[in-house]
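Engineer: What follows is a single structure, and I will ask about it in a moment.
The values are calculated or read from the model by the stated rules, or taken from the named source; none is laboratory data. Bear in mind the structure is a predicted one, so any value in this text is a computation, not a measurement. Don't worry about glycine lacking a Cβ; one is built from the backbone with ideal geometry, like all the others, and counts go over all protein chains shown.
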Amino acid sequence: MTCIECPQGCRLETESDGAVVITVTGQKCKRGGLYARQEIEAPLRTLTTSLLTRGLDLKMLPVRTSKPIPKAKLPEAMAAARLLVVTSPVRAGDVVAPDFLGLGADLVACRELEEL
Ligand code: SF4
């Protein structure tokens, strides 16, 4: 895999036993080893999507999670996001769904929307 923690893009080789990483080689700093272990043992991703709105000046509100969530939870999170409807004006950075799915991350508005 390629480390994406900095622009150097070190090519990493890993040896693992199932889902547990035994060795990582090819990294130029310790962040590469941490990245490889995280990516194999418990990958995380930031969810970015859009929510339906009602009574606001755009039909969709772009949102993202306030921090990465487990990659395996993305389908469930996308399904839950499709059920949400934003009905109040928001500003960029406002929390629209606190502790989304109990994952410890909030869903946050990425732009401002006003009432119609
Ligand atoms: S291993 Fe270190 S130097 Fe190499 S890409 Fe990752 S962060 Fe950058």
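Engineer: If you check Met1, Met78, which single one turns out to be hydrophobic (A, V, I, L, M, F, W, C), within 16 Å of the ligand (Cβ to nearest atom) and either assigned by TED's automatic domain parsing to the domain that holds Gly93 or in contact with a Ser or Thr (Cβ under 8 Å, 6 or more places away or on another chain) (or both)?
Structural biologist: Met1
Engineer: Can you name every one of the strands (runs of 3 or more DSSP E) wholly within the chain that holds 2 or more residues which are among the β-branched types (Val, Ile, Thr) and either in contact (Cβ under 8 Å) with a residue 12 or more places away in the chain or out of contact with any Cys (no Cβ under 9 Å at 6 or more places or on another chain) (or both)?
Structural biologist: 20-25, 48-53, 60-65, 95-97
Engineer: Go through the range 11-24 and count every residue that is more than 21 Å from Arg45 (Cβ to Cβ) and either in contact with a strand residue (DSSP E or B) (Cβ under 7 Å, 6 or more places away or on another chain) or within 6 Å of the ligand (Cβ to nearest atom) (or both).
Structural biologist: Of the residues in that region, 5 qualify.
Engineer: For the range 25-43, name all the residues that are touching a strand residue (DSSP E or B) at 6+ places or on another chain (Cβ under 7 Å), hydrophobic (A, V, I, L, M, F, W, C) and within 16 Å of the ligand (Cβ to nearest atom).
Structural biologist: Of everything in the range 25-43, those that are touching a strand residue (DSSP E or B) at 6+ places or on another chain (Cβ under 7 Å), hydrophobic (A, V, I, L, M, F, W, C) and within 16 Å of the ligand (Cβ to nearest atom) turn out to be Ala36, Ile40.
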